[in-house]
Amino acid sequence: MTIGSAALIVGALIAAVVARNMFVSAHRIIGWAVAASVVALLVEPVVARLSRHMKRIFALLLTLIGIGAVAGALSYGVFANLQSESDHLKSEAPKAAERIEARTDQLGEYARDFKLVERVNDFVENFDKRVGSGGQVIRTAVGTVPTYFVCGILTIFLLIYGQRMVEGGLAQISDKARRKRMNDVLIDAVHKARNYMGWAIAEAVAFGVVAYAFCRLLDLPAPVVLALVAGALALLPYIGFFLGAIPIVLFTAGFESIAVAIVLVFAVIAIQVAEALVVRRRVDEKTMHVGPAIPVIVALLGFEIYGLGGAGYGVAIAVLLLALADAAATDEEPEIPTPLSPAEPSPATEPDSSGT
């Protein structure tokens with residue numbers, strides 16, 4: 001090994017350590033930038049539509065105020081019930097599991113083999129560690145107000161100057177044909193990703209509302225928490241509705257009746273199949289196809305590292321990257337004709353069979 005090779009290896013190791021430490025130290029700020037970018041990507045069409053009737057700055061402020069008002073109202077409604085419902089959930093979930101295991105039919109046997117009571121108790125013990133009590137959530141939300149303020153300012157900045165920043169980046173490409181192709185790919189990818197995320201959020205909200213109404217109808221404990229879980233899991237394609245309904249089915253079987261739980265299972269399966277065969281196909285035709293593997297893996301990793309925010313924004317970034325890959329694959333670059341070799345005769349000067 002030469003001195004130059006050794007120096008190169010040592011320099012690469014030092015650069016890797018420095019890059020890793022910089023990312024760890026700046027991960028919170030990077031997370032703010034990612035969150036602001038995703039929000040700006042989603043709300044830009046609303047701002048553009050309102051800009052037809054008023055100045056863009058007023059349209060931007062009106063959009064952000066509306067989003068803040070809706071988010072504040074929903075957050076207040078959730079936080080107001082979160083502590084009592086979380087306590088109720090932690091006390092009632094083991095009881096429901098014990099009732100299911102105490103049954104003498106096939107369902108009780110399956111529950112005992114699955115060790116349902118033990119698993120539910122483990123979930124209850126870890127509930128406060130992963131989610132926190134209602135008071136802790138409220139204190140955390142109050143403490144993050146400055147963070148949301150900074151993210152709001154960054155979102156406004158991206159909505160005002162984001163397009164200019166992208167155009168400036170594309171202007172660094174000297175080849176006009178390549179620059180135009182890259183611009184077309186970006187436009188197509190953003191359009192596909194935005195539409196797909198809009199459809200996914202709409203489906204999740206609708207499923208969460210239906211789940212909340214069902215929980216209230218059967219007077220199940222913790223309807224807000226169960227609806228939030230159902231709506232969040234509904235973001236996952238092809239399997240989200242079914243996964244989100246599992247806690248509701250278990251509570252229904254434990255507190256109401258097995259017959260109602262079975263009917264609910266078949267109803268959820270029918271909804272999931274209809275969503276996969278009808279709604280999902282139309283969404284894929286208008287946007288792009290996203291399978292369940294990547295969103296599930298990214299959501300699990302994001303939740304493990306950064307919590308709920310990491311899971312949500314991680315899936316959004318994954319969808320955008322998939323949209324870029326899909327747009328680049330569907331956009332065929334025109335073939336560039338290669339010049340003829342000097343040793344090859346030109347078709348126009350090649351002699352014919354008569355020798356002329």
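Test ALA230 against the stated conditions and say whether it is among the aliphatic types (A, V, I, L, M), in contact with a Phe, Trp or Tyr (Cβ under 7 Å, 6 or more places away or on another chain) and assigned to a helix (DSSP H, G or I). Yes, satisfied.
Tell me, which residue of segment 169-199 that is surrounded by fewer than 17 Cβ atoms within 10 Å (Cβ to Cβ) and basic (Lys, Arg) is farthest from MET288 (Cα to Cα)? Restricting to residues being surrounded by fewer than 17 Cβ atoms within 10 Å (Cβ to Cβ) and basic (Lys, Arg), the top hit is LYS176.
Look at (1) in contact with a Phe, Trp or Tyr (Cβ under 9 Å, 6 or more places away or on another chain); (2) without any contact (Cβ under 8 Å) to a residue 60 or more places away in the chain; (3) surrounded by 14 or more Cβ atoms within 10 Å (Cβ to Cβ); (4) closer than 24 Å to TRP199 by Cα and you find that ILE269 fails only one, number (3).
Taking the conditions exactly as written (among the charged types (D, E, K, R) and closer than 30 Å to LYS95 by Cβ), does GLU285 satisfy them or not? Taking the combined requirement at face value, the residue does not satisfy it. Looking at (1) surrounded by fewer than 19 Cβ atoms within 10 Å (Cβ to Cβ); (2) part of a loop (DSSP other than H, G, I, E, B); (3) not hydrophobic (A, V, I, L, M, F, W, C), find the lone condition where ARG282 falls short. Against the list (1) surrounded by fewer than 19 Cβ atoms within 10 Å (Cβ to Cβ); (2) part of a loop (DSSP other than H, G, I, E, B); (3) not hydrophobic (A, V, I, L, M, F, W, C), ARG282 comes up short only on (2). ILE258 fails exactly one of the following numbered conditions: (1) at pLDDT 85 or above; (2) surrounded by fewer than 20 Cβ atoms within 10 Å (Cβ to Cβ). What is the number of that condition? For ILE258, the failing item is (1).
Scanning segment 310-348 for residues that are loosely packed, with under 14 Cβ neighbours inside 10 Å, at pLDDT below 80 and part of a helix (DSSP H, G or I) yields a count of 1.
Of the residues contained in segment 72-84, one or more are found to be in a helix (DSSP H, G or I), in contact with a Pro (Cβ under 9 Å, 6 or more places away or on another chain), surrounded by 14 or more Cβ atoms within 10 Å (Cβ to Cβ) and at pLDDT below 85.
Within the bounds of segment 121-133, is there any residue that is in contact with a Pro (Cβ under 9 Å, 6 or more places away or on another chain), within 30 Å of GLU98 (Cβ to Cβ) and modelled with pLDDT of 60 or more? There is at least one residue in segment 121-133 that is in contact with a Pro (Cβ under 9 Å, 6 or more places away or on another chain), within 30 Å of GLU98 (Cβ to Cβ) and modelled with pLDDT of 60 or more. Is it the case that VAL268 is in a helix (DSSP H, G or I) and at pLDDT below 90? So VAL268 does not fit the description; no.
Number of residues in segment 200-220 that are part of a helix (DSSP H, G or I) and either in contact with a strand residue (DSSP E or B) (Cβ under 7 Å, 6 or more places away or on another chain) or buried (at least 17 other Cβ atoms within 10 Å of the Cβ) (or both): the value is 10.
The values are calculated or read from the model by the stated rules, or taken from the named source; none is laboratory data. As the structure is a prediction and not an experimental result, all values here were calculated from the model. Cβ coordinates were reconstructed from backbone atoms using ideal geometry, including for glycine residues, and neighbour counts include every protein chain displayed.
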